[in-house]
Amino acid sequence: MPVGAFFSEILLNGEQMDKIIIEGGRSLKGEVKISGSKNAALPILVSSLLADGWNTYNNVPDLKDIQSIKLLLTGLGARIEEDGSSVRIDAGGLCNPEAPYELVRKMRASILVLGPLVARLKKARVSLPGGCSIGARPINLHLKGLARLGASIELKHGYVEAFADRLTGNEIYFDIITVTGTENLMMAAVLADGITVLRNAACEPEVVALADVLIKMGADIQGAGTSVITIKGVPSLHPASISIIPDRIETGTFMVAAALTGGDIKLLNCEPDHMQTIIHKLRLTNADIKVNNKNIHIIGSNEISSIDIKTMPYPGFPTDMQAQFMVLMSIAKGLSIISETIFENRFIHVSELKRMGADITISGNAAMVKGVPLLSGAPVIASDLRASASLILAGLVARGKTEVNRVYHLDRGYEAIEKKFVKIGAAIKRVRE
Ligand code: EPU
């Protein structure tokens, strides 16, 4: 998307034009407390629609996307109470089956209400999310799966309209592994008649976290975390209380920050089990990493080695860490090939990194990154959430001043990111315009 179109989109959304200014070149040292996972919290908050009564969720991150989902749930009739990172939701008043365009276009994960709405209200009218900057991101597999459970589905005026007097369990095979698709159908199937088997299901920790909360609510689910999930429908669910798992992408982003700046960072309240691939890859770049219970201690090396990465569904290398690793490879010794296999357009950060002095060539879905001795600060513009994070990382290691524009993407998925970086010694500030 051309830069002009980016800006008109911002104005269209009425988003604030904050920017982040970084004076690069400092080595980062100290402790960072990792927040709750955005991508676990979103489906879990939505799962409140499946039962009447007050559900309690702790460790919910304070993010724009979380505000968006709360707004959507309230619009559907749920009541919400908040106290710091604790959120209580009662969907006893669930009455409205419609997720409007204005909310869905701001956050694609809004599609997660489709399965629960059909399961509870027998009908749903949810705006089609459309594409976003990283790819077309169709939802055909969500719809195909829901149809297999007996819903009749029509696409009208940009909306999905789905109806089912009763959902009935069935075998569902995903042609492509889809995270929110697996979550949506798991939530639809828990209240269906009979048994649903999801094959080639996503194994991401966020899927397991959702299954855990559904099981606490009384659902019968087996196999979450493997590629075959079996769900035996139950007549009703009851509310539950759960703590949101730590954000593995936030954890990985701070790990890369340490590796990149020759830093010494201790990450607290994280889940090392979910970080095994990232830990393995960072060790290959020469980072020194020690794991102790729920903490990860990482010390960056003076000489970063190049490695190749290929994004894959979990437990493969996460696409949500690709942009951050590319920054690390930009100043590594040697050549790195980074292949993006999940989203077709997730290299938009490359042109901005090149403006900061990185030597990157794209060929199809692969980027060839030749390490350079240093990056230089520049004004840059971010195209999506993880690209924004990568530009912040690039600014932290670059010589001179970097100005990251279009920061609202960052606020969708990183809680108080600049405050966390200031605490470990970064010269970074937010400027409100
Ligand atoms: N796909 C289809 N049809 C579908 C669904 C997906 O073709 O019906 C394709 C997608 O186009 C993509 C692939 O399947 O090529 C995988 O997409 P997936 O459905 O897994 O992505 P998602 O569920 O929309 C979640 C995360 C993303 C993360 C991806 C991949 C949430 C709310 N979002 O998206 O997170 O990149 O899985 O791991 O869980 C982010 O946090 O920045 C972010 C983009």
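Couple of notes before you dig in:
- Criterion applied to 357, 377, 395 was being more than 18 Å from residue 304 (Cα to Cα), of a type outside the set (D, E, K, R) and at pLDDT 95 or above, and the one residue passing it is 377.
- Candidates 214, 237, 210: the one that is under 17 Å from residue 180 (Cα atoms), of a type in the set (A, V, I, L, M) and either more than 15 Å from the ligand (Cβ to nearest atom) or outside the structural domain of residue 90 (by TED's automatic domain parsing) (or both) is 214.
- Within the stretch 377-402, being more than 20 Å from the chain's Cα centre (by Cα) and closer than 19 Å to residue 28 by Cα holds for 377, 394, 395, 396, 397, 398, 399, 400, 401, 402.
- Residues that are open to solvent by less than 20 Å² (accessible area, probe 1.4 Å), under 15 Å from residue 263 (Cβ atoms) and not in a strand (DSSP E or B), drawn from the stretch 399-433: 421, 424, 426
- Positions within the stretch 104-135 being open to solvent by 40 Å² or more (accessible area, probe 1.4 Å), among the hydrophobic types (A, V, I, L, M, F, W, C) and either within 25 Å of residue 322 (Cα to Cα) or touching a Phe, Trp or Tyr at 6+ places or on another chain (Cβ under 6 Å) (or both), in sequence order: 132
Residue-by-condition table, conditions (1) away from the ligand (no atom under 16 Å from the Cβ); (2) surrounded by fewer than 19 Cβ atoms within 10 Å (Cβ to Cβ):
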residue: 42; (1), (2): no, no
residue: 66; (1), (2): no, no
residue: 75; (1), (2): yes, yes
residue: 80; (1), (2): yes, yes
residue: 83; (1), (2): yes, yes
residue: 99; (1), (2): no, no
residue: 102; (1), (2): yes, yes
residue: 137; (1), (2): no, yes
residue: 142; (1), (2): no, no
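- Exclusive hit being free of Cβ contacts under 8 Å to residues at least 24 places away in the same chain, away from the ligand (no atom under 14 Å from the Cβ) and hydroxyl-bearing (Ser, Thr, Tyr), set 363, 305: 363
- Qualifying residue in the stretch 233-241 (condition: of a type in the set (Val, Ile, Thr), within 26 Å of residue 305 (Cα to Cα) and surrounded by fewer than 24 Cβ atoms within 10 Å (Cβ to Cβ)): no
- The lone exception for residue 261 - which of (1) under 29 Å from residue 87 (Cβ atoms); (2) surrounded by 19 or more Cβ atoms within 10 Å (Cβ to Cβ); (3) of a type outside the set (A, V, I, L, M, F, W, C) it fails: (1)
- Residue under evaluation residue 337, criteria (1) touching a Gly at 6+ places or on another chain (Cβ under 9 Å); (2) open to solvent by 10 Å² or more (accessible area, probe 1.4 Å); (3) more than 14 Å from the ligand (Cβ to nearest atom), criterion not met: (1)
- The one condition in (1) touching a residue at least 40 places away in the same chain (Cβ under 8 Å); (2) more than 15 Å from the ligand (Cβ to nearest atom); (3) within 26 Å of residue 70 (Cβ to Cβ) that residue 185 fails to fulfil: (2)
- Hits in the stretch 159-191 (condition: within 25 Å of residue 39 (Cβ to Cβ) and open to solvent by 40 Å² or more (accessible area, probe 1.4 Å)): 173, 175, 176, 177, 179, 180
- Filtered residues of the stretch 192-203 (kept if in contact (Cβ under 8 Å) with a residue 60 or more places away in the chain and open to solvent by 10 Å² or more (accessible area, probe 1.4 Å)): 203
- Restricting attention to the stretch 398-414 and to residues that are modelled with pLDDT of 95 or more and either charged (D, E, K, R) or assigned by TED's automatic domain parsing to the domain that holds residue 68 (or both), the residue that is farthest from the ligand (Cβ to nearest atom) turns out to be 399.
- Residue check for residue 175: of a type in the set (Asp, Glu) and more than 9 Å from the ligand (Cβ to nearest atom): no
The values are calculated or read from the model by the stated rules, or taken from the named source; none is laboratory data. Please read these numbers as outputs of a predicted model, since none were measured by experiment. Cβ coordinates were reconstructed from backbone atoms using ideal geometry, including for glycine residues, and neighbour counts include every protein chain displayed. Heavy atoms of the whole protein, side chains included, go into the accessibility calculation; ligands, DNA and RNA do not. Shrake-Rupley method; radii C 1.70, N 1.55, O 1.52, S 1.80 Å.
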